[in-house]
1. Taking A:Glu164 in one copy and the same position in all the others, each labelled 7 Å out along Cα→Cβ, what are the pairwise distances from the first, in nm, shortest first?
2. Copy-to-copy spacing for B:Ala108, label 7 Å out on the Cα-to-C-beta vector, in nm, shortest first?
3. Calculate log10 I(q)/I(0) of chain A for q = 0.08, 0.10, 0.13 Å⁻¹, where I(q) comes from the Debye formula with a single equal point scatterer on each Cα and nothing for solvent.
4. Compute a Gaussian network model of chain A, connecting alpha carbons closer than 10 Å, and tell me which residue from A:Cys59, A:Cys71, A:Cys92 fluctuates the most.
5. Hey, can you grab everything whose amide H is under 5 Å from the amide H of A:Leu142? Only 5+ residues off in sequence or another chain; H modelled, so Pro and N-termini drop out.
6. How far apart are the A:Ala119 label points across copies, placing each 7 Å from Cα toward Cβ, in nm, shortest first?
7. Averaged over B:157-164, how many beta carbons belonging to a partner chain fall within 10 Å of each residue's beta carbon?
8. Can you tell me what the convex hull of the Cα atoms of the range B:1-107 projects to on average, as an area in nm²?
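Here, each number is a calculation from the coordinates, and none is a lab measurement. Worth saying up front: this structure is predicted, and the values here are computed from it rather than measured. Methodologically, a virtual Cβ is constructed for each residue, glycine included, from the backbone with ideal geometry; neighbour enumeration extends over all protein chains shown.
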There are 2 protein chains.
Amino acid sequence: MTTIEREEARQRTILQLEKAGIVLTAEEKANVEVADMGLGELAVSGLQLITYVNSERYCAKDLVLFPRQTCPEHRHPPLGADNPGKQETFRCRAGRVLLYVEGPATAAPRAKPPAGSEAYYTVFHEIELNPGEQYTIPPNTLHWFQAGDEGAVVSEFSSMSRDESDIFTDPRILRDAGL
Amino acid sequence: MTTIEREEARQRTILQLEKAGIVLTAEEKANVEVADMGLGELAVSGLQLITYVNSERYCAKDLVLFPRQTCPEHRHPPLGADNPGKQETFRCRAGRVLLYVEGPATAAPRAKPPAGSEAYYTVFHEIELNPGEQYTIPPNTLHWFQAGDEGAVVSEFSSMSRDESDIFTDPRILRDAGL
């Protein structure tokens with residue numbers, strides 16, 4: 001991803017948040033993260049986010065997905081004897097999200113993994129989240145998600161986030177920003 | 001507070017959230033909490049809230065304050081050897097909040113405690129929160145807050161909430177809903 005592409009994505013993210021009524025300070029706008037996971041196809045795979053707080057006790061972020069953009073499949077493993085791994089609650093604020101987690105596969109999932117990456121998507125239990133709807137993903141549970149045609153804004157409430165510990169199904173992924 | 005007063009406050013809360021771009025499901029709308037703390041003067045003392053998630057690992061709520069409404073002074077005490085008490089991050093989403101915490105008293109605080117309740121307000125270190133601004137209140141720290149003339153919507157990210165453990169400075173207060 002070039003510097004210009006990253007900056008364009010950052011500006012687009014800020015506009016999408018504003019459209020959803022979410023206000024950021026100037027400093028936060030400068031700190032919006034754009035994560036293409038090293039796959040080099042941000043419009044298809046990746047996400048944008050702003051972290052409001054991340055401490056030993058809790059974490060809160062707002063995630064932004066462009067239309068049909070997919071956050072690749074991953075899980076949050078245990079982080080020591082006292083921490084079973086990050087638990088997170090996704091609350092859809094605007095747009096729509098199709099979330100896939102471990103469990104019985106949905107017969108006809110409405111989202112398709114990005115072309116060429118199908119091998120790295122293994123869970124297909126579908127959960128649809130519209131504005132006001134939310135779902136809590138247990139620790140160490142594989143999940144991936146894709147925005148609908150209008151994109152999506154999702155609030156993530158969770159236990160402490162340690163991005164560098166995330167385990168992605170796709171071995172090509174280089175983790176460079178928080179989920 | 002009569003049933004009609006409570007229902008009016010609930011509807012007003014839903015409208016204020018909608019104006020801030022925050023969508024609730026029908027079930028959540030029915031579960032909006034209206035807390036007058038037993039003081040019987042909701043327009044002056046109390047707050048409204050919706051709890052999205054409250055678990056051992058984290059908690060998230062949206063708080064709504066009517067114009068100039070005050071959430072009375074309280075603290076979140078330790079909850080056993082492993083829990084120093086609830087820590088919370090207030091993020092202003094809409095309107096304005098004047099927050100008061102322990103620390104050097106501000107020379108001319110802009111908010112005044114509700115008339116007749118002055119004796120139960122003891123901390124005056126002022127923090128102003130406008131949309132996009134946030135502040136983290138350490139565990140077991142006295143705090144109170146008041147909305148500006150337009151009211152306020154505040155996202156609260158925190159460790160586990162145990163409302164019944166909250167300690168209010170005002171001994172008249174009967175805690176009947178979550179902060």
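1. List, nearest first: 4.3 nm.
2. Counterpart label points of B:Ala108 in the remaining copies fall at 6.9 nm.
3. Listed by q, the Debye log ratios stand at -0.22, -0.35, -0.60.
4. Among A:Cys59, A:Cys71, A:Cys92, the largest mean-square fluctuation in the Gaussian network model of chain A belongs to A:Cys59.
5. Under 5 Å from the amide H of A:Leu142: A:Glu102.
6. Nearest first, the other copies' label points are 7.6 nm away.
7. Numbers: counts 12, 5, 5, 2, 0, 0, 0, 0.
Whole-number average of other-chain Cβ neighbours for B:157-164 is 3.
8. Numbers: hull surface 34.7 nm².
About 8.7 nm², averaged over all directions.
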